[in-house]
Amino acid sequence: MQDNIHNLSRSTDDIVIVGGGLAGLFCALKLAPRRVTLISAAPLGQGASSAWAQGGIAAAVAEGDTPEAHAADTIAVGGGLVDEAVALGIAREAGPRIHDLLAYGVPFDRDLEGRLAVGREAAHSARRIVHVRGDGAGAAIIAALSDAVRRTPSIRVIEGLAAEALLIEDGAVAGLQLREAVNSSARPLLLAARAVVLATGGIGHLYAVTTNPLEASGSGLAIAARAGAVIADPEFVQFHPTAIRVGRDPAPLATEALRGEGATLINGSGERFMLSRHPLAELAPRDIVARGVFAEIAAGRGAFLDARQALGTRFADRFPTVHASCIAAGIDPATQIIPIAPAAHYHMGGIAVDERGRSSIDGLWAGGEVSSTGAHGANRLASNSLLEAVVYAARIADDIAGRTLPSPARLPDALVAPRGGTPDAVIVQRLRAMMSAHVGVVREGDGLTDALHHFAALEREATSIALRNMATSALLVAASAWSRCESRGAHFRADHPAEIPALAQRTMTSLAAVREIAESLSPLPRAVRPMIA
């Protein structure tokens, strides 16, 4: 059921889901026929990273494969931080969730005998990635689920609103403060609700180079942290090694499945540089490949994806999305090499949740990339993110369905954050540049210290809530990266390059804790201050 901003009442007994990506849509459908209000800043199906996912969904559905093998692969690449029970549980629920998606109309590829066709991606020991037309899984899944949501009478869809604060009463969720996404100067709207599911996506747009849509700016992470939620593993940010380097923002993605089909990584001299870095070469875990690509670019040799021999004229048919991105940039991938660079792609950290998707705040659940379940550890296995999103969306729906929710609370008299306004573009650009330079693929202590002071000052002095939320999320990532004095998974410290066994523990932190870290460090010279002037 479609609705509009102006028809939104100040109180609802509905379950409120914030986010129109895979986790939000799937959870809303699984809650039917219970009443749901689904709030999306962008038009439904747009503005979600899941819609852009090219790889597919990892699921042990092929003959000879097992959930146990899938979980073992997940654990092997997670840098010693994967919750093994969580990984196995997700792998075992993959089959039923794939069948749910089929029932909602997702046209997964099939082989000549009608079975689900499966491909292989980096660090998987078997072919277990289900696709849609090679590289169109995300778009096809979101399109099918969006249609299903619009056909479901119990789901009210409100487009064009962004959540900017959680309302808390006696330690429990009492509602949300919302604002028009396209009119940030408009007066905020308050909505009283006792059950809120955050499915707002990741933090990619905190970085100068990212494959994520504009909406992935860490807003959900920030509002949960500001409300007092425990945040898990924020330092672990995965950089996709093969974003197409053609000056676009966000950067087009060259899916990992290309390398699964035999495409290679070369530098400007034609050398396959990953052969000397890892036994699996191009199919090594993403963090290792990303650092390999980063090193070639930093050394001035450049990095390129070469699919000429592996795919050639079959490229357009096998990977139409990547092909279209290349052609739009003036590159024919059948005959030319593709320039690439690492790009912020996926956040392993997020709002800490338990096996049912519950956060540390009563009445607040989180699913998809904004959450941290323990499934990914320090480094996500390829194509596990869409699987985690649907598994936890279903678990959240089951958990909420079994509850009797209290009536909505009385709304507060004062706004949580009255200031709106469009974030200053120059300050946003500087924040993103600082994240890429100091909290990116390779990190070190002095750079992280600089970043911490910038973000802490910006969080205090920001003139808009949207900018403040970006600074809050950036501060969470930078402070946790500064605190982890080792290299593990996607977190690489040039000044602490070794992995330290004693530090094989997940990070559990809070906004108060990371503010204390920033305040404990010596202040920077005054010359650094113009970022927030």
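The values are calculated or read from the model by the stated rules, or taken from the named source; none is laboratory data. None of the values given here were measured: they were computed from a predicted structure. Here Cβ is always computed from backbone atoms with ideal geometry, including for glycine, and neighbour counts include all displayed protein chains.
Structure data summary
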{"quantity": "Residue list for segment 69-89, filter: over 15 Å from LEU387 (Cα atoms), at pLDDT 95 or above and not small (Gly, Ala, Ser)", "calculated": "ILE75, LEU81, VAL82, ASP83, GLU84"}
{"quantity": "Extreme residue, surrounded by the fewest Cβ atoms within 10 Å (Cβ to Cβ), among residues of segment 277-302 that are touching a residue at least 40 places away in the same chain (Cβ under 8 Å) and more than 24 Å from the chain's Cα centre (by Cα)", "calculated": "LEU280"}
{"quantity": "Selected residue (criterion: farthest from the chain's Cα centre (by Cα)) from residues of segment 322-340 that are within 26 Å of ALA140 (Cα to Cα) and surrounded by 20 or more Cβ atoms within 10 Å (Cβ to Cβ)", "calculated": "PRO333"}
{"quantity": "Residues of segment 98-137 classified as within 17 Å of LEU283 (Cα to Cα) and not basic (Lys, Arg), total", "calculated": "9"}
{"quantity": "In segment 10-57, the residues that are of a type in the set (Ser, Thr, Tyr) and not in a loop (DSSP other than H, G, I, E, B)", "calculated": "SER11, THR37, SER40, SER49, SER50"}
{"quantity": "Subset tally (residues that are crowded, with 19+ Cβ neighbours inside 10 Å and either among the hydrophobic types (A, V, I, L, M, F, W, C) or in the same structural domain as MET508 (by TED's automatic domain parsing) (or both)) for segment 89-116", "calculated": "7"}
{"quantity": "Among (1) at negative phi; (2) crowded, with 20+ Cβ neighbours inside 10 Å; (3) not in a helix (DSSP H, G or I) - the single one ASP73 does not satisfy", "calculated": "(3)"}
{"quantity": "Helices (runs of 4 or more DSSP H) within segment 290-408 that include 2 or more residues of a type in the set (Asp, Glu) and within 30 Å of ALA195 (Cα to Cα)", "calculated": "384-401"}
{"quantity": "Inter-residue pairs, beta-carbon under 7 Å, first hydroxyl-bearing (Ser, Thr, Tyr) and in segment 261-276, second surrounded by 13 or more Cβ atoms within 10 Å (Cβ to Cβ), 6+ apart", "calculated": "THR264/ARG272; THR264/GLU282; THR264/ASP306; SER269/ARG301"}
{"quantity": "Failed item in (1) modelled with pLDDT under 95; (2) farther than 24 Å from GLN429 by Cβ, with ALA527 passing the rest", "calculated": "(2)"}
{"quantity": "Evaluation of ALA389 against (1) modelled with pLDDT of 95 or more; (2) touching a strand residue (DSSP E or B) at 6+ places or on another chain (Cβ under 7 Å); (3) under 26 Å from HIS131 (Cα atoms) (one fails), failing number", "calculated": "(2)"}
{"quantity": "Out of ILE158, ILE129, sole residue that is touching a Ser or Thr at 6+ places or on another chain (Cβ under 7 Å), in contact (Cβ under 8 Å) with a residue 24 or more places away in the chain, among the aliphatic types (A, V, I, L, M) and under 18 Å from GLY45 (Cβ atoms)", "calculated": "ILE158"}
{"quantity": "Selection count where residues are under 23 Å from the mean Cα position of the chain (by Cα) and surrounded by 19 or more Cβ atoms within 10 Å (Cβ to Cβ), scope segment 160-179", "calculated": "10"}
{"quantity": "Positions within segment 90-130 being modelled with pLDDT of 90 or more, within 15 Å of ARG318 (Cα to Cα) and either within 20 Å of the chain's Cα centre (by Cα) or not in a loop (DSSP other than H, G, I, E, B) (or both), in sequence order", "calculated": "ARG110, VAL118, ILE129, VAL130"}
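Table: residues versus (1) surrounded by 24 or more Cβ atoms within 10 Å (Cβ to Cβ); (2) modelled with pLDDT of 95 or more; (3) outside any strand (DSSP E or B).
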position: VAL157; (1), (2), (3): no, yes, no
position: ASN183; (1), (2), (3): no, no, yes
position: VAL197; (1), (2), (3): yes, yes, no
position: LEU214; (1), (2), (3): no, no, yes
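Let's see how each residue does on (1) closer than 21 Å to ALA513 by Cβ; (2) touching a strand residue (DSSP E or B) at 6+ places or on another chain (Cβ under 7 Å); (3) surrounded by fewer than 16 Cβ atoms within 10 Å (Cβ to Cβ):
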residue	(1), (2), (3)
ARG460	yes, no, yes
ILE465	no, yes, no
SER473	yes, no, no
LEU476	yes, yes, no
TRP482	yes, no, no
GLU486	yes, yes, no
GLY489	no, no, no
